[in-house]
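Quick notes on the structure that follows.
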Amino acid sequence: ISTSARGVNMPAAMALLIFLVAIRSWATLGFTTFVPFYYVDYLKADPRLVGALLFVFLGAGALGTVVAGPIADRWGARTFVQWVFLAAVPFGLLFLRTGGALAFVMLALFGAVLTSSFSVSVVLGQAYLPRNAGMASGLIVGFAIGAGGLGVTALGWVADRYGLPVALTISALMPLAGFATARFLPVPRDT
């Protein structure tokens, strides 16, 4: 990618965006990691449901990512990223309070809404580092998601010490930290 691209690199904004994507990744990976154990070990549900649960969560997340682009184009990337974090919270919490088919619906909505910010974050990262768009993509897709994965280690400690419902509740509430962080994302500068 050419370094002669127009625009001004905004490294501080990019650092904030990386932190934001790490929060999203922490919440998403927390659900991906602990929902199977929650259903089998805590709720004593049929282990054959685990595959369907993960399919619903991850599939809805993929669908949310595809649908996000046109909505973010209309609302603006910063506004979209900010409000999807807030919109995800009720679905994550309701998943933990419901059962049966409704739990699947809440899990799907949580996955779709939370993950919808991913592709928009990559575009926003490229806007924050227009002279290094390839590096921006790598920082979002590689580093920030991996950093979020480190948070799952802390959630594992919480799950061992306080139980799976507490770890999943923290994961469901993590988007609130994303919402607060997104409020500080600046407008990308062109010159």
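The values are calculated or read from the model by the stated rules, or taken from the named source; none is laboratory data. Predicted model only: the values in this text are computed from it and were never measured. FYI the Cβ positions are ideal-geometry reconstructions off the backbone, even for glycines, and counts take in every protein chain you see. These accessible areas exclude ligands, DNA and RNA; they are computed on the full protein's heavy atoms, side chains included. Shrake-Rupley method; radii C 1.70, N 1.55, O 1.52, S 1.80 Å.
Pairs meeting the criteria (first residue in segment 144-172 and among the aromatic types (F, W, Y), second residue open to solvent by less than 50 Å² (accessible area, probe 1.4 Å) and part of a helix (DSSP H, G or I), beta carbons under 9 Å, at least 6 apart or on different chains) are W157/A167. Look at D41 and say whether it is more than 17 Å from L107 (Cα to Cα), touching a residue at least 12 places away in the same chain (Cβ under 8 Å) and of a type in the set (D, E). Yes. Screening the candidates V67, V8 for the property of being loosely packed, with under 15 Cβ neighbours inside 10 Å and within 19 Å of G178 (Cβ to Cβ) yields one hit, V67.
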